[in-house]
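Peer 1: Sharing a structure below in C-alpha coordinates format, with a few things to ask.
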Amino acid sequence: MATRTVCQVLQRRFATSAAAVRAPATEVRGQRNGVFSREQARQRALYPRIEKIEVSMQGPGLDGTLLIMNRGMSTPLSCARHLTEHHLTNSALALVDGEPWSLHQPLTHSCSLTLLTFKDSDPTLVNQAYWRSCAALLGQVLETAFKDDFTVELLNTPEVPVTLGAFCCDVVLDPQLDSWTPSEESLRSLTRGAQQLIHQDLAWEPLEVVPSVALEIFSHSRCKQEEVEQKAAQSPKGTVMLHRCGDHVLLSAGPLVARTGLCSQYEVTAVHSLGQGPWGLQRRAQGLSLPLQLQAHHTVWRKLRQRAEKMVEVPTTEEVNRLSPPDSTPPRTSQ
(Lines give C-alpha, C1' and ligand atoms only; values in the text may rest on other atoms or scores of the structure.)
Protein backbone atom coordinates (compact mmCIF):
# COMPACT_ATOMS: atom_id res chain seq x y z
CA MET A 1 0.00 0.00 0.00
CA ALA A 2 2.83 2.40 0.93
CA THR A 3 4.68 1.60 -2.30
CA ARG A 4 1.57 2.28 -4.37
CA THR A 5 1.05 5.62 -2.59
CA VAL A 6 4.66 6.67 -3.25
CA CYS A 7 4.30 5.73 -6.92
CA GLN A 8 1.14 7.80 -7.22
CA VAL A 9 2.84 10.81 -5.60
CA LEU A 10 5.77 10.53 -8.02
CA GLN A 11 3.41 10.20 -10.99
CA ARG A 12 1.55 13.32 -9.88
CA ARG A 13 4.86 15.21 -9.71
CA PHE A 14 5.75 14.05 -13.21
CA ALA A 15 2.29 15.18 -14.35
CA THR A 16 2.91 18.61 -12.82
CA SER A 17 6.18 18.92 -14.78
CA ALA A 18 4.51 17.68 -17.95
CA ALA A 19 1.66 20.15 -17.58
CA ALA A 20 4.10 23.03 -17.15
CA VAL A 21 5.40 22.35 -20.67
CA ARG A 22 2.20 21.25 -22.32
CA ALA A 23 2.58 18.79 -25.19
CA PRO A 24 0.57 19.32 -28.37
CA ALA A 25 -2.93 17.82 -28.22
CA THR A 26 -2.17 15.35 -31.01
CA GLU A 27 0.87 14.08 -29.09
CA VAL A 28 -1.17 13.72 -25.89
CA ARG A 29 -3.88 11.74 -27.71
CA GLY A 30 -1.23 9.49 -29.24
CA GLN A 31 0.33 8.79 -25.84
CA ARG A 32 -3.04 8.02 -24.25
CA ASN A 33 -3.97 5.73 -27.11
CA GLY A 34 -0.68 3.89 -26.88
CA VAL A 35 -1.06 3.11 -23.18
CA PHE A 36 -4.73 2.16 -23.65
CA SER A 37 -3.87 -0.26 -26.48
CA ARG A 38 -0.98 -1.76 -24.52
CA GLU A 39 -3.17 -2.44 -21.48
CA GLN A 40 -6.00 -3.73 -23.66
CA ALA A 41 -3.60 -6.22 -25.29
CA ARG A 42 -2.23 -7.27 -21.89
CA GLN A 43 -5.70 -8.01 -20.57
CA ARG A 44 -6.64 -10.00 -23.67
CA ALA A 45 -3.46 -12.07 -23.26
CA LEU A 46 -4.72 -13.20 -19.85
CA TYR A 47 -6.90 -15.71 -21.73
CA PRO A 48 -4.39 -17.59 -23.94
CA ARG A 49 -6.61 -20.67 -24.25
CA ILE A 50 -10.20 -20.77 -25.40
CA GLU A 51 -12.42 -21.56 -22.44
CA LYS A 52 -16.16 -21.90 -22.86
CA ILE A 53 -18.79 -20.18 -20.69
CA GLU A 54 -22.57 -20.46 -20.65
CA VAL A 55 -24.58 -17.30 -21.25
CA SER A 56 -28.26 -17.57 -20.32
CA MET A 57 -30.24 -15.02 -22.30
CA GLN A 58 -33.13 -13.17 -20.69
CA GLY A 59 -35.75 -10.89 -22.18
CA PRO A 60 -38.85 -11.05 -24.39
CA GLY A 61 -38.68 -14.16 -26.57
CA LEU A 62 -35.23 -15.12 -25.29
CA ASP A 63 -35.88 -16.79 -21.93
CA GLY A 64 -34.37 -20.25 -22.02
CA THR A 65 -31.90 -19.41 -24.81
CA LEU A 66 -28.42 -20.64 -23.87
CA LEU A 67 -25.32 -19.49 -25.74
CA ILE A 68 -21.88 -21.09 -25.46
CA MET A 69 -19.33 -18.28 -25.70
CA ASN A 70 -15.59 -17.74 -25.18
CA ARG A 71 -14.39 -16.55 -21.77
CA GLY A 72 -12.56 -13.22 -21.83
CA MET A 73 -13.18 -12.77 -25.57
CA SER A 74 -16.93 -12.80 -26.19
CA THR A 75 -18.93 -9.68 -25.37
CA PRO A 76 -22.67 -8.99 -25.11
CA LEU A 77 -22.42 -7.72 -28.70
CA SER A 78 -20.97 -11.09 -29.70
CA CYS A 79 -24.03 -12.72 -28.14
CA ALA A 80 -26.35 -10.33 -30.02
CA ARG A 81 -24.80 -11.50 -33.30
CA HIS A 82 -26.09 -15.00 -32.54
CA LEU A 83 -29.65 -13.71 -32.19
CA THR A 84 -31.49 -11.45 -34.65
CA GLU A 85 -30.74 -8.30 -36.61
CA HIS A 86 -33.11 -6.47 -34.24
CA HIS A 87 -30.98 -7.38 -31.22
CA LEU A 88 -27.78 -6.48 -33.04
CA THR A 89 -28.86 -3.03 -34.24
CA ASN A 90 -31.12 -1.88 -31.40
CA SER A 91 -29.26 -3.03 -28.28
CA ALA A 92 -27.56 -0.14 -26.50
CA LEU A 93 -26.52 -1.62 -23.15
CA ALA A 94 -26.57 -4.94 -21.31
CA LEU A 95 -27.23 -6.37 -17.89
CA VAL A 96 -24.82 -9.12 -16.81
CA ASP A 97 -26.12 -10.88 -13.73
CA GLY A 98 -28.16 -7.73 -13.13
CA GLU A 99 -25.17 -5.35 -13.43
CA PRO A 100 -25.07 -2.63 -16.14
CA TRP A 101 -22.50 -3.72 -18.70
CA SER A 102 -21.12 -2.23 -21.91
CA LEU A 103 -21.88 -4.21 -25.07
CA HIS A 104 -18.13 -4.24 -25.84
CA GLN A 105 -16.94 -5.40 -22.41
CA PRO A 106 -15.73 -9.04 -22.42
CA LEU A 107 -17.61 -11.65 -20.41
CA THR A 108 -15.34 -13.41 -17.91
CA HIS A 109 -17.66 -16.05 -16.42
CA SER A 110 -20.90 -17.92 -17.03
CA CYS A 111 -23.75 -15.46 -16.49
CA SER A 112 -27.24 -14.29 -17.31
CA LEU A 113 -27.47 -11.62 -19.99
CA THR A 114 -30.20 -9.12 -20.84
CA LEU A 115 -29.88 -6.81 -23.84
CA LEU A 116 -31.39 -3.36 -23.26
CA THR A 117 -32.90 -0.93 -25.78
CA PHE A 118 -34.38 2.56 -25.65
CA LYS A 119 -37.89 1.15 -26.12
CA ASP A 120 -37.86 -1.21 -23.13
CA SER A 121 -40.71 -0.85 -20.64
CA ASP A 122 -38.19 0.59 -18.16
CA PRO A 123 -35.39 2.34 -20.10
CA THR A 124 -33.94 4.15 -17.07
CA LEU A 125 -30.49 2.51 -17.21
CA VAL A 126 -30.23 2.96 -20.96
CA ASN A 127 -31.26 6.62 -20.69
CA GLN A 128 -28.62 7.26 -18.02
CA ALA A 129 -25.93 5.57 -20.13
CA TYR A 130 -27.07 7.54 -23.19
CA TRP A 131 -26.90 10.89 -21.38
CA ARG A 132 -23.45 9.97 -20.09
CA SER A 133 -22.38 9.02 -23.61
CA CYS A 134 -23.67 12.28 -25.09
CA ALA A 135 -21.64 14.21 -22.51
CA ALA A 136 -18.57 12.10 -23.39
CA LEU A 137 -19.10 12.96 -27.06
CA LEU A 138 -19.34 16.64 -26.20
CA GLY A 139 -16.05 16.45 -24.29
CA GLN A 140 -14.38 14.76 -27.26
CA VAL A 141 -15.58 17.53 -29.58
CA LEU A 142 -14.35 20.26 -27.23
CA GLU A 143 -10.93 18.65 -26.89
CA THR A 144 -10.39 18.64 -30.66
CA ALA A 145 -12.21 21.86 -31.61
CA PHE A 146 -9.27 24.19 -30.99
CA LYS A 147 -5.87 24.38 -32.58
CA ASP A 148 -2.85 22.83 -30.85
CA ASP A 149 -1.93 26.41 -29.89
CA PHE A 150 -4.68 26.34 -27.24
CA THR A 151 -4.93 23.94 -24.33
CA VAL A 152 -8.24 22.30 -23.38
CA GLU A 153 -8.63 20.69 -19.95
CA LEU A 154 -11.70 18.50 -19.57
CA LEU A 155 -12.89 18.47 -15.97
CA ASN A 156 -14.99 15.86 -14.21
CA THR A 157 -18.17 15.38 -16.26
CA PRO A 158 -21.19 15.97 -13.99
CA GLU A 159 -23.70 13.14 -13.70
CA VAL A 160 -27.08 14.76 -14.34
CA PRO A 161 -30.48 13.09 -14.76
CA VAL A 162 -32.22 13.16 -18.13
CA THR A 163 -35.11 15.06 -16.53
CA LEU A 164 -32.98 18.23 -16.29
CA GLY A 165 -33.24 18.53 -20.06
CA ALA A 166 -29.54 18.81 -20.99
CA PHE A 167 -26.31 16.89 -20.58
CA CYS A 168 -23.16 18.85 -19.79
CA CYS A 169 -19.39 18.79 -19.75
CA ASP A 170 -17.19 21.10 -17.66
CA VAL A 171 -14.03 22.41 -19.27
CA VAL A 172 -11.18 24.90 -18.80
CA LEU A 173 -9.88 26.47 -22.00
CA ASP A 174 -6.53 28.10 -22.59
CA PRO A 175 -6.17 31.39 -20.65
CA GLN A 176 -5.81 33.14 -24.01
CA LEU A 177 -9.48 32.28 -24.60
CA ASP A 178 -10.80 33.65 -21.30
CA SER A 179 -12.45 36.54 -23.11
CA TRP A 180 -14.01 34.29 -25.77
CA THR A 181 -17.80 34.23 -25.84
CA PRO A 182 -19.22 31.44 -28.04
CA SER A 183 -21.45 32.73 -30.83
CA GLU A 184 -24.30 30.82 -32.45
CA GLU A 185 -21.92 29.95 -35.26
CA SER A 186 -19.44 28.55 -32.70
CA LEU A 187 -22.17 26.34 -31.26
CA ARG A 188 -23.13 25.17 -34.75
CA SER A 189 -19.49 24.35 -35.44
CA LEU A 190 -19.31 22.22 -32.27
CA THR A 191 -22.56 20.54 -33.29
CA ARG A 192 -21.10 19.69 -36.69
CA GLY A 193 -18.09 18.15 -34.97
CA ALA A 194 -20.37 15.92 -32.92
CA GLN A 195 -22.43 14.95 -35.95
CA GLN A 196 -19.28 13.88 -37.78
CA LEU A 197 -18.41 11.50 -34.94
CA ILE A 198 -21.99 10.20 -34.94
CA HIS A 199 -21.81 9.58 -38.68
CA GLN A 200 -18.60 7.55 -38.20
CA ASP A 201 -20.54 5.18 -35.87
CA LEU A 202 -17.53 4.74 -33.58
CA ALA A 203 -17.56 2.19 -30.76
CA TRP A 204 -17.08 3.24 -27.14
CA GLU A 205 -14.50 0.65 -26.07
CA PRO A 206 -14.49 0.00 -22.29
CA LEU A 207 -11.38 -0.91 -20.31
CA GLU A 208 -11.28 -1.42 -16.54
CA VAL A 209 -7.80 -0.63 -15.21
CA VAL A 210 -5.87 -0.23 -11.99
CA PRO A 211 -5.11 3.37 -10.97
CA SER A 212 -1.42 3.21 -12.00
CA VAL A 213 -2.41 2.60 -15.64
CA ALA A 214 -4.96 5.41 -15.62
CA LEU A 215 -2.41 7.75 -14.02
CA GLU A 216 0.03 6.96 -16.83
CA ILE A 217 -2.65 7.55 -19.48
CA PHE A 218 -3.47 10.96 -18.00
CA SER A 219 0.13 11.86 -17.14
CA HIS A 220 -0.29 15.23 -18.89
CA SER A 221 -3.27 16.25 -16.75
CA ARG A 222 -3.10 16.98 -13.03
CA CYS A 223 -6.86 17.42 -13.00
CA LYS A 224 -7.51 13.98 -14.49
CA GLN A 225 -5.01 12.36 -12.15
CA GLU A 226 -6.92 13.69 -9.18
CA GLU A 227 -10.13 12.37 -10.72
CA VAL A 228 -8.51 8.94 -11.18
CA GLU A 229 -7.62 8.78 -7.49
CA GLN A 230 -11.12 9.88 -6.46
CA LYS A 231 -12.83 7.26 -8.65
CA ALA A 232 -10.46 4.52 -7.52
CA ALA A 233 -11.15 5.37 -3.87
CA GLN A 234 -14.90 5.15 -4.51
CA SER A 235 -14.69 1.86 -6.41
CA PRO A 236 -15.19 -1.37 -4.40
CA LYS A 237 -12.48 -3.02 -6.54
CA GLY A 238 -10.16 -0.02 -6.44
CA THR A 239 -10.23 0.22 -10.25
CA VAL A 240 -11.38 2.88 -12.71
CA MET A 241 -13.31 2.55 -15.96
CA LEU A 242 -11.92 4.05 -19.15
CA HIS A 243 -13.52 4.29 -22.58
CA ARG A 244 -12.00 4.99 -25.96
CA CYS A 245 -13.86 6.49 -28.91
CA GLY A 246 -11.69 6.81 -31.98
CA ASP A 247 -8.49 8.33 -30.60
CA HIS A 248 -10.14 9.91 -27.55
CA VAL A 249 -9.65 8.25 -24.14
CA LEU A 250 -11.85 9.29 -21.23
CA LEU A 251 -12.75 8.47 -17.66
CA SER A 252 -16.35 7.43 -17.09
CA ALA A 253 -18.60 7.26 -14.05
CA GLY A 254 -20.46 4.31 -15.56
CA PRO A 255 -21.07 2.33 -18.75
CA LEU A 256 -21.66 4.07 -22.07
CA VAL A 257 -23.89 2.95 -24.91
CA ALA A 258 -22.38 0.81 -27.63
CA ARG A 259 -21.58 3.34 -30.35
CA THR A 260 -21.88 6.94 -31.46
CA GLY A 261 -24.26 5.94 -34.27
CA LEU A 262 -27.00 5.34 -31.69
CA CYS A 263 -27.22 9.13 -31.33
CA SER A 264 -29.49 10.85 -33.81
CA GLN A 265 -30.64 14.40 -33.18
CA TYR A 266 -27.75 16.08 -31.38
CA GLU A 267 -27.06 19.76 -30.77
CA VAL A 268 -24.64 21.77 -28.64
CA THR A 269 -26.92 24.37 -27.07
CA ALA A 270 -24.82 26.58 -24.78
CA VAL A 271 -21.47 27.25 -23.12
CA HIS A 272 -21.84 28.97 -19.74
CA SER A 273 -19.16 30.51 -17.54
CA LEU A 274 -18.86 29.07 -14.03
CA GLY A 275 -16.19 31.51 -12.85
CA GLN A 276 -12.65 30.92 -11.71
CA GLY A 277 -11.75 27.49 -10.34
CA PRO A 278 -8.52 25.75 -9.28
CA TRP A 279 -7.63 25.02 -12.92
CA GLY A 280 -8.67 28.36 -14.43
CA LEU A 281 -11.87 29.83 -15.84
CA GLN A 282 -14.40 27.00 -15.75
CA ARG A 283 -17.11 26.69 -18.39
CA ARG A 284 -20.06 24.35 -18.70
CA ALA A 285 -20.85 23.19 -22.22
CA GLN A 286 -24.34 21.77 -22.66
CA GLY A 287 -26.23 19.83 -25.28
CA LEU A 288 -29.40 18.02 -26.20
CA SER A 289 -29.85 14.74 -28.01
CA LEU A 290 -32.34 12.00 -28.81
CA PRO A 291 -31.38 8.45 -29.78
CA LEU A 292 -31.93 6.92 -33.18
CA GLN A 293 -35.03 5.06 -31.99
CA LEU A 294 -36.76 8.20 -30.64
CA GLN A 295 -37.22 11.13 -33.00
CA ALA A 296 -38.83 14.52 -32.28
CA HIS A 297 -40.77 16.81 -34.61
CA HIS A 298 -38.93 20.09 -35.22
CA THR A 299 -41.45 22.09 -33.18
CA VAL A 300 -40.98 19.79 -30.19
CA TRP A 301 -37.21 19.86 -30.68
CA ARG A 302 -37.22 23.68 -30.66
CA LYS A 303 -38.93 23.71 -27.27
CA LEU A 304 -36.54 21.11 -25.89
CA ARG A 305 -33.61 23.13 -27.20
CA GLN A 306 -34.80 26.31 -25.49
CA ARG A 307 -34.87 24.45 -22.21
CA ALA A 308 -31.41 22.95 -22.85
CA GLU A 309 -29.93 26.44 -23.28
CA LYS A 310 -30.49 27.28 -19.60
CA MET A 311 -27.53 26.52 -17.37
CA VAL A 312 -27.72 23.11 -15.72
CA GLU A 313 -27.40 23.26 -11.96
CA VAL A 314 -25.69 20.01 -10.99
CA PRO A 315 -27.71 18.31 -8.24
CA THR A 316 -26.30 16.38 -5.29
CA THR A 317 -26.38 12.57 -5.29
CA GLU A 318 -29.54 12.62 -3.16
CA GLU A 319 -31.20 15.05 -5.57
CA VAL A 320 -30.18 12.92 -8.58
CA ASN A 321 -31.88 9.90 -7.00
CA ARG A 322 -34.99 11.96 -6.33
CA LEU A 323 -35.04 13.40 -9.85
CA SER A 324 -34.51 10.02 -11.51
CA PRO A 325 -37.47 7.82 -10.54
CA PRO A 326 -37.51 4.24 -11.88
CA ASP A 327 -39.97 5.13 -14.64
CA SER A 328 -38.23 8.30 -15.87
CA THR A 329 -38.02 8.35 -19.66
CA PRO A 330 -37.25 10.95 -22.28
CA PRO A 331 -40.26 12.42 -24.06
CA ARG A 332 -41.70 9.83 -26.46
CA THR A 333 -42.26 11.63 -29.71
CA SER A 334 -43.12 10.82 -33.27
CA GLN A 335 -40.90 8.21 -34.90
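Peer 1: Is there a quick way to get the dipole size of the chain? I mean about its Cα centre, with the Cβ of Lys and Arg at +1 and of Asp and Glu at -1; what is the value in debye to the nearest 20?
Peer 2: Once rounded to the nearest 20, the dipole reads 360 debye.
Peer 1: Okay, moving on. Find how many whole Å separate the alpha carbon centroid of the stretch 222-242 from the alpha carbon centroid of the stretch 106-122.
Peer 2: 26 Å
Peer 1: What spacing in nm lies between the two simple spin-label points modelled at E313 and N156, each 7 Å away from Cα in the Cβ direction?
Peer 2: 2.0 nm
Peer 1: What's the carbon and sulfur percent of the chain's accessible surface, probe 1.4 angstrom, rounded to a whole number? Don't skip to the answer; put the middle values down first.
Peer 2: Numbers: 8620 of 16210 Å².
Accessible surface attributable to carbon and sulfur in the chain totals 53 percent.
Peer 1: Ignoring everything except DSSP H segments at least 4 long, calculate the 222 nm mean residue ellipticity for the chain; use -39,500 (n - 2.57) per segment, divide by total residues, nearest 500.
Peer 2: -12000 deg cm²/dmol
Peer 1: By its C-alpha gyration tensor, with a ≥ b ≥ c as the square roots of the eigenvalues, how is the stretch 52-117 shaped: rounded for a/c under 1.5, else prolate for a/b larger than b/c, else oblate? Provide the component values of the computation, followed by the final result.
Peer 2: Values: a/c = 1.37, a/b = 1.24, b/c = 1.11.
In terms of gyration-tensor shape, rounded.
Peer 1: Out of all DSSP beta bridges with both ends in the stretch 52-117, state the antiparallel percent to the nearest 5.
Peer 2: 75 percent
Peer 1: Please pull out the direction-averaged projected area of the stretch 124-309, using the convex hull of its alpha-carbon atoms, in nm² to one decimal place.
Peer 2: Values: hull surface 42.4 nm².
Mean orientational projected area (the stretch 124-309, Cα hull): 10.6 nm².
Peer 1: Let me ask you something else. Largest first and in whole Å, what are the equivalent-ellipsoid semi-axes of the stretch 131-213 based on the Cα gyration tensor, each being the root of 5 times an eigenvalue?
Peer 2: Value: 22, 18, 15 Å, ordered largest first.
Peer 1: Relative contact order of the chain, please, whole-number percent, based on alpha carbon pairs below 8 angstrom and at least 6 residues apart. Walk me through the numbers on the way to the answer.
Peer 2: Details: 585 pairs, mean separation 67.5, N = 335.
It rounds to 20 percent for the chain.
Peer 1: Please report the accessible area of L95 (heavy atoms, 1.4 Å probe, ligands and nucleic acids excluded) in Å², nearest 10.
Peer 2: It works out to around 40 Å².
Peer 1: Hey, another quick one. Show me, bin by bin at 5 Å from 0, the whole-percent P(r) of the stretch 196-247 based on Cα pairs.
Peer 2: For the stretch 196-247, the binned pair fractions read 5, 21, 24, 20, 13, 11, 6, 1 percent.
Peer 1: Sorted by average packing, counted as other Cβ atoms within 10 angstrom per residue and highest first, what order do 261-273, 98-110, 294-306 take? Walk me through the numbers on the way to the answer.
Peer 2: On the way: 261-273: 19.8, 98-110: 18.0, 294-306: 14.2.
Ranking the peptides 261-273, 98-110, 294-306 by packing returns 261-273, 98-110, 294-306.
Peer 1: Turning to a different aspect of this structure: Considering only P236, A296, L107, whose Cα is most displaced toward the positive end of the charge dipole of the chain, charges sitting on Cβ of Lys, Arg (+1) and Asp, Glu (-1)?
Peer 2: L107
Peer 1: Can you tell me the alpha carbon radius of gyration of the chain divided by the globular rule-of-thumb value 2.2 N^0.38 Å?
Peer 2: 1.01
Peer 1: Separation between the S37 and Q295 pseudo-spin-labels, each 7 Å from Cα along Cα→Cβ, expressed in nm?
Peer 2: 3.8 nm
The values are calculated or read from the model by the stated rules, or taken from the named source; none is laboratory data. From a predicted model like this one, the values you see are computed outputs, not experimental measurements. When we count neighbours, we look across all protein chains shown, and the Cβ atoms used for this are built from the backbone with ideal geometry, even at glycine. Note: accessible area is taken over every heavy atom of the protein model, side chains too, but ligands, DNA and RNA are not part of it. Shrake-Rupley method; radii C 1.70, N 1.55, O 1.52, S 1.80 Å.
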